[in-house]
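Scroll down for the structure; my scribbles are underneath it.
The values are calculated or read from the model by the stated rules, or taken from the named source; none is laboratory data. Keep in mind that what you see is a predicted model, and the values were worked out from it rather than measured. In this analysis, Cβ positions are derived from the backbone assuming ideal geometry, glycine residues included, and neighbour counts consider all displayed protein chains. The protein model used for the area step is the full one, side chains on, heavy atoms only, and it has no ligands, DNA or RNA in it. Shrake-Rupley method; radii C 1.70, N 1.55, O 1.52, S 1.80 Å.
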Amino acid sequence: MKAQGFTFLQRGTMTSIFHVLQDNQVLLLFVLIGFGALFSKLRIRGISLGAAAVLFFSIALTAWGAAQGYELRVEHDLGVLGLALFAFAIGISSGASFFQTIRSSVKPVLLMLSVVAVAACAAGLIGRMMGMKWAMIAGTFAGAVTNTPALSAAGQASGDPATATIGYAIAYLFGVIGMLGWAMLALSKRGEDTDAPSPIVNRTVRVELEEAMTVAAARKKIGEDAHFSRLRRGEDGRTWVPTDADILQKDDMVTVVGTSQAVDCAVELLGHVSSHSLMSDRNYLDFRRITLSNTKLANLTVQEIALEDKFGATITRIRRGDTDIVAHANEPLRLGDRIRVIAPAEKMRKISKYLGDSAFGITNINPFALGIGMTLGILIGELEFLTPSGLKFSIGSAAGTLIVGLIMGKVGKVGRIITTIPYDTCQVLSEFGLLVFLAYAGTTAGSRILHAFVGGAWLQILVLGAIVTTIMGAGLYFSMRCFAKMGGTRLSGVLAGTQTQPAVLAFSNDRTTFDPRVALGYAMVYPIAMVAKIFCGQILGSFAGF
C-alpha cells in the first residue's frame, strides 16, 4: 500500500509540474536551460556534452510530457531569437579573422559542397532501394543533417510535409549524436595542428653586433611578429622604450617580445639571451594590462593610437578573450581588448585614462550595433528567392545574422559609429542565444519523436539517417584532413558549421575553451552549407511529383 501511495503521489507531482510548465513558456525555457546545464556537468571518462546536454534533456522531458498528455513547447519565435542572436555574436567575433582567411577557404568550401551533394545522392538512392517515399527520404535527409529549413523545403516540394516531418524527427537525434562523435575524433587530433597560434614569449638579448644597426632595420629583418619593448645602454644606464630611429650597439641589452619563432630569429640576429631581465627593473619603465574602453579609439590600429608619440610608450601584445596576439602596427584594437603597455612609470596613469581602462569596455552590449545588425540579418534571412522549379526559399535568420555579423565585425567602425561588440560580451550573447535555441530545438524534436516511432517505417528512417550522417561526418573528416590539410581544432568547427548544428559547436568550444579557430571554421562554411542543404532537401522532395 505504501509503495502504491508513493507512486500515486509521484505521478500527481509530475502531473502538476507538467501542467505548470505547459502553461508557462518562460518558466519552461529556464527549467530546460538550468537542468540541462546541470546534466552538462556530468563527465564520462573525462568527456561531457557541454551545452548540448540542454538539447537532449529538452527532448527527453518533452517526450515524457507528451506521453502523459502534456505539450511542452518553447515557441518558434523564441527559437529564432536564440539562434539569430547566437549566429550574430559568432559573426561579430569572427569577422576580422574570417575575411583575412577567406582566400584560403575556397578548397574547404568546395570539398564541403561535394560531401553534401554525395550525402544527398546517397539518401535518394538508398532510400528508394529501401522502398521509402520521396517525401520521407527528403525529411530523413533534413534530419540527418539537422537542418530545419531543409525540412521546410522538402515538405513544400513533396506536397507531404507530415511524412517529411516524421523522417526528420527520427533522423535528427542521430544527426546530432553522430556528428558529435566526428567532432570528438577531430579534436583528438588537435595536438597535431600546424595552424595553432605561436605562444607569445619575451627574452632579454645582449647585443653582440660588430656594426651598429637601427631598430627599424632589425625589425625589418625579423618581421612583424616581434617588438622591442625595452633598451638599456650600459649596466647602470637608464632603460627606455626604443623607437625605430634608436641604434642598437654592442653590449646593449634589449627586450624582444613576440612569437617564439620571431624571438628566436631576433636572438640569432642580435646576439645571445642574457641572464639579466630588463622586466625586473621597474624604476624607469613599468608595464600593465589596460582595458580599451575609450570608444573614440575603437577600431583604430596600434599605429594610429600613437602611444609612442604621445607618451613614449609601446604596445607589445593584445589579449582578446583568452588569446594573446602580437600587437602588429596595423592590428585594429577592439573595445574590451586588454592591452599590454610598456611605458615610463610616471606616465602610466595618463595612458590608462587615455585608453579608458574601464570594465564598461568589456561588458558594453552596444545596443545600436546589436539592434541594427539583428534587424538587417533577420530581414536578409527572410528574403525569398525563386528557384528554377518555381519554388521559393529563404536562407533563414541564422544565416542572415551571421553574414551581417561577419561584415560588421570586419568593418568595426563607420565614422563615429562602432559596429562591433566586445569579445567577452559576444561570448555571453552567443552562449545565451545557443541555450535558448537548444531548448527550443529539443522541445520541437521531443514533441514529434513519439508520433514518429508509431509508424512502421521508423527503423528504415533510423538506418538511412545514420548512413547520411556518417557520410557527412566521414566525408568532411577525411577530405579536410587529407586534401585541405586542416587541423583538428578548425575541423571541429567546420563539422559543426556544415551540419548547421550549434550543439556540435558548443561541444567543440567546451573541449577547446573557446579556441577562436573553432568559431572561424564554423563561420567559414555555415551560410553556404545552409543554402546547399535547402536545395538538396528541395530537390529530393520534388521527386515525389514523378
- Top-ranked residue in region 412-455 [being among the β-branched types (Val, Ile, Thr) and surrounded by fewer than 20 Cβ atoms within 10 Å (Cβ to Cβ); ranked as farthest from the chain's Cα centre (by Cα)]: Val454
- Note on the structure: Being open to solvent by less than 60 Å² (accessible area, probe 1.4 Å) and touching a strand residue (DSSP E or B) at 6+ places or on another chain (Cβ under 7 Å) narrows Ala169, Ala122, Ala153, Ala186 down to just Ala153
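Please indicate, with yes or no, whether at least one residue in region 436-459 is part of a helix (DSSP H, G or I), charged (D, E, K, R) and either more than 18 Å from Leu61 (Cβ to Cβ) or in contact with a Cys (Cβ under 8 Å, 6 or more places away or on another chain) (or both). Give the derivation first.
Of all residues in region 436-459, those part of a helix (DSSP H, G or I) come to 436-454, 458-459.
In the following step, the residues that additionally are charged (D, E, K, R) were identified as 448.
Among the residues that remain, those that are also either more than 18 Å from Leu61 (Cβ to Cβ) or in contact with a Cys (Cβ under 8 Å, 6 or more places away or on another chain) (or both) are: none.
No, region 436-459 contains no residue that is part of a helix (DSSP H, G or I), charged (D, E, K, R) and either more than 18 Å from Leu61 (Cβ to Cβ) or in contact with a Cys (Cβ under 8 Å, 6 or more places away or on another chain) (or both).
Return the residues of region 513-529 that are in contact with a helix residue (DSSP H, G or I) (Cβ under 8 Å, 6 or more places away or on another chain) and open to solvent by 10 Å² or more (accessible area, probe 1.4 Å); say none if nothing qualifies. Steps first, please.
At the first step, the residues of region 513-529 found to be in contact with a helix residue (DSSP H, G or I) (Cβ under 8 Å, 6 or more places away or on another chain) are 514-529.
Result: Phe514, Asp515, Pro516, Arg517, Ala519, Leu520, Met524, Pro527, Ile528.
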- Would you be able to tell me the number of residues in region 335-359 that are under 24 Å from the mean Cα position of the chain (by Cα) and modelled with pLDDT of 85 or more? 3
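Kindly establish whether Leu151 is within 23 Å of Leu505 (Cα to Cα) and modelled with pLDDT under 90. Can you show your working first?
Working: within 23 Å of Leu505 (Cα to Cα): yes; modelled with pLDDT under 90: yes.
Considered against the rule, which asks whether it is within 23 Å of Leu505 (Cα to Cα) and modelled with pLDDT under 90, Leu151 comes out as yes.
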- Task: Starting from residues that are basic (Lys, Arg) and at pLDDT below 85, keep the ones in region 398-424 and report whichever is nearest to Ala89 (Cα to Cα).
- Result: Lys413
- The one condition in (1) farther than 23 Å from Lys220 by Cα; (2) open to solvent by 60 Å² or more (accessible area, probe 1.4 Å) that Asp281 fails to fulfil: (2)
- Message: Given the options Gly131, Gly50, name the one that is in contact with a helix residue (DSSP H, G or I) (Cβ under 9 Å, 6 or more places away or on another chain), in a loop (DSSP other than H, G, I, E, B) and modelled with pLDDT under 85.
- Response: Gly50
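When the residues of region 94-119 are filtered to those that are hydroxyl-bearing (Ser, Thr, Tyr) and closer than 30 Å to Gly412 by Cα, which remaining residue is surrounded by the most Cβ atoms within 10 Å (Cβ to Cβ)?
If we take residues in region 94-119 being hydroxyl-bearing (Ser, Thr, Tyr) and closer than 30 Å to Gly412 by Cα, then Ser94 is surrounded by the most Cβ atoms within 10 Å (Cβ to Cβ).
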- Item | All positions within region 192-225 that are free of Cβ contacts under 8 Å to residues at least 40 places away in the same chain, in a helix (DSSP H, G or I) and not aliphatic (A, V, I, L, M) | Arg219, Lys220
- Note on the structure: When (1) of a type in the set (Gly, Ala, Ser); (2) in a helix (DSSP H, G or I); (3) surrounded by 14 or more Cβ atoms within 10 Å (Cβ to Cβ); (4) modelled with pLDDT under 80 are applied to Ala63, the one that fails is (4)
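Only residues that are under 18 Å from the mean Cα position of the chain (by Cα) and either closer than 18 Å to Ala474 by Cβ or not in a helix (DSSP H, G or I) (or both): list them for region 89-111, please.
First, pick out the residues of region 89-111 that are under 18 Å from the mean Cα position of the chain (by Cα): 89-102, 105, 108-109.
Within region 89-111, just Pro108 meets the criteria.
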- Message: Restricting to region 253-303, give me the number of residues that are modelled with pLDDT of 90 or more and of a type in the set (Asp, Glu).
- Response: 2
- Flagged in region 221-239 as buried (at least 16 other Cβ atoms within 10 Å of the Cβ) and closer than 12 Å to Leu278 by Cβ, in numbering order, are Phe228, Ser229, Arg230, Leu231, Arg232, Arg233, Thr239
- Note on the structure: Checked against (1) in a strand (DSSP E or B); (2) out of contact with any Phe, Trp or Tyr (no Cβ under 8 Å at 6 or more places or on another chain); (3) among the β-branched types (Val, Ile, Thr), Ile342 satisfies every condition except (2)
- Task: Output the residues belonging to region 356-387 that are open to solvent by less than 30 Å² (accessible area, probe 1.4 Å), assigned to a helix (DSSP H, G or I) and within 30 Å of Gln538 (Cα to Cα).
- Result: Gly373, Met374, Gly377, Gly381
- Task: Provide a single number: the residues in region 216-227 that are touching a strand residue (DSSP E or B) at 6+ places or on another chain (Cβ under 7 Å) and at pLDDT 90 or above.
- Result: 1
- Lone qualifier among Met530, Met486, Met524 - being of a type outside the set (Asp, Glu) and over 20 Å from Ile92 (Cβ atoms): Met486
